[in-house]
1. Every residue in region 125-159 that is surrounded by fewer than 15 Cβ atoms within 10 Å (Cβ to Cβ), modelled with pLDDT under 95 and more than 21 Å from residue 45 (Cα to Cα), please.
2. Tell me which of these residue 75 doesn't satisfy, since it passes every other one: (1) exposed (fewer than 15 other Cβ atoms within 10 Å of the Cβ); (2) modelled with pLDDT under 90.
3. All but one of (1) over 16 Å from the mean Cα position of the chain (by Cα); (2) surrounded by fewer than 16 Cβ atoms within 10 Å (Cβ to Cβ); (3) modelled with pLDDT of 85 or more hold for residue 85; which doesn't?
4. Name the residue, out of 201, 212, 188, that is under 27 Å from residue 139 (Cβ atoms), in the same structural domain as residue 153 (by TED's automatic domain parsing) and out of contact with any helix residue (DSSP H, G or I) (no Cβ under 6 Å at 6 or more places or on another chain).
5. Among the numbered criteria (1) modelled with pLDDT of 95 or more; (2) exposed (fewer than 15 other Cβ atoms within 10 Å of the Cβ); (3) under 27 Å from residue 64 (Cβ atoms), which single criterion is violated by residue 122?
6. Residues being surrounded by fewer than 17 Cβ atoms within 10 Å (Cβ to Cβ) and more than 17 Å from the chain's Cα centre (by Cα): count how many of those fall in region 88-107.
């Protein structure tokens, strides 16, 4: 089983493209180029995705990248799954970004593989690129861990500045948990008059001095 529901749903969506026609076993794809290169290293990042690019995929075929903790690319070891989009300017080139944070923000060795699906001659085809190694190193200017207390304080300041109902409300609650080294997510709720407000606030440190805060709040009677 895939650990992430999002990864599982995306994978099932891609596989369904080939379900209508007789399927053939996966075959190796001779991509003309793959980036990152084998054993390329990137500094850990929590604010940007790592760029991927390939050339040589079958024309108009859905192309995606799978990232795992082991070279066997077993489902249980998958940490990322994302699609690549065909370039509008470079013929035959597909590009995409990994997710932000998560494995890309955690030093270690990972493995990635480009995959494609297409139909030809009444049959569906699945193509696999070579498994490449990718190394995430500790950032050269490593920032300290964003503490939950800092995230809670930033969430409270954000809510006070953005929501009058929070400033004048009652039964205010903030519960925070760590998402990654530099990201805290807080579940919040409060009441104002006869309405209940609830949602979450996400706090990400873009540097050791700057916090970026986003909120998604819903109002209910």
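The values are calculated or read from the model by the stated rules, or taken from the named source; none is laboratory data. Note that this is a predicted model, so its numbers are computed, not measured. Note that each Cβ is placed from the backbone with ideal geometry, even for glycine, and that neighbours are counted across all protein chains shown.
1. 130, 149 - these are the residues of region 125-159 that are surrounded by fewer than 15 Cβ atoms within 10 Å (Cβ to Cβ), modelled with pLDDT under 95 and more than 21 Å from residue 45 (Cα to Cα).
2. Residue 75 satisfies every listed condition except (2).
3. Failing condition for residue 85: (1).
4. Numbers: 201 fails: out of contact with any helix residue (DSSP H, G or I) (no Cβ under 6 Å at 6 or more places or on another chain); 188 fails: under 27 Å from residue 139 (Cβ atoms).
Within the list 201, 212, 188, the selection yields 212.
5. Looking at each condition in turn, residue 122 falls short on (1).
6. Initial filter on region 88-107 (surrounded by fewer than 17 Cβ atoms within 10 Å (Cβ to Cβ)): 88-92, 95, 97, 100, 106-107.
Narrowing further to those that are more than 17 Å from the chain's Cα centre (by Cα): 88-92.
Looking only at that region, the number is 5.
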